[in-house]
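Asks: The structure under discussion is supplied below as structure tokens; questions concerning it will follow.
The values are calculated or read from the model by the stated rules, or taken from the named source; none is laboratory data. Values in this document were obtained by computation on a predicted structure and should not be read as measured data. Virtual Cβ from ideal backbone geometry, glycine too; neighbours counted across all protein chains shown. SASA here: full protein model, heavy atoms, side chains in, ligands and nucleic acids out. Shrake-Rupley method; radii C 1.70, N 1.55, O 1.52, S 1.80 Å.
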Amino acid sequence: MPEELSDHEPKDIDVIRAEVDQIADKLGTPIDDRIKETVVALKLNGFETSGSCEGHLDGFPLPYVDIETDEPEGWRDNPVLQAQWRERNLQQRARFEPILVEFNQHRDPNHRLGLQERGIYGAFKVQPGSTPDEVTAEQLTAYQEDMAAFSRYLIDRA
């Protein structure tokens with residue numbers, strides 16, 4: 001489940017890093033090292049996240065972070081809660097899009113990040129925007145560096 005950080009309660013980056021260090025998936029696997037700082041930077045800027053990956057040549061070859069608000073309890077059978085959840089996710093996206101546009105503004109087109117919709121409740125992921133059909137180790141490293149640059153950008157603007 002995503003960890004919520006309110007816009008009204010700014011947190012110290014070291015506190016957020018400690019919280020992110022405690023996040024693990026259902027199998028107990030922690031957040032990948034090469035994407036962890038992006039998760040920290042997003043949370044520092046008030047975005048809720050629900051998943052991430054640093055990218056792997058033997059799996060999904062792109063680094064990404066899923067941005068999604070916490071699913072409300074009882075949402076599956078409640079259209080009102082579903083609509084509220086979608087609206088919260090869309091609000092996050094509306095806050096996020098101009099930040100991404102600004103970040104990408106002066107970047108090489110091959111090193112821009114993009115958004116990809118995730119599901120019907122307004123969640124989305126940030127990941128490299130221009131990718132070939134097959135990713136080499138060199139390209140994966142470059143994509144990871146692009147995400148690291150985005151992390152630095154987000155931290156600097158927080």
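Asks: So how far apart, in nm, are the two label points at Leu81 and Arg152 if each is 7 Å from Cα heading toward Cβ?
Replies: That separation, rounded to one decimal, is 4.3 nm.
Asks: So, in Å, what gap is there between the alpha-carbon centers of region 129-158 and region 59-121?
Replies: What the calculation gives is 17 Å, centre to centre.
Asks: A follow-up question, please. For a Förster distance of 25 Å, can you work out the FRET efficiency between the beta-carbons of Gln91 and Ala137, rounded to the nearest 0.05?
Replies: Using R0 = 25 Å, I get an efficiency of 0.10.
Asks: Something else: For region 23-80, calculate the relative contact order in percent as a whole number, restricting contacts to Cα pairs under 8 Å that are 6 or more residues apart.
Replies: The value is 26 percent.
Asks: Just to verify a number: FRET efficiency for Asp58 and Glu145, C-beta to C-beta distance, R0 = 22 Å, to 0.05?
Replies: 0.65
Asks: Using 7 Å Cα-to-Cβ label points, what is the Glu117/Val15 separation (nm, one decimal)?
Replies: 3.6
Asks: Further, regarding this structure: What whole-number value in Å² describes the accessible area per residue of the chain for a 1.4 Å probe?
Replies: 58
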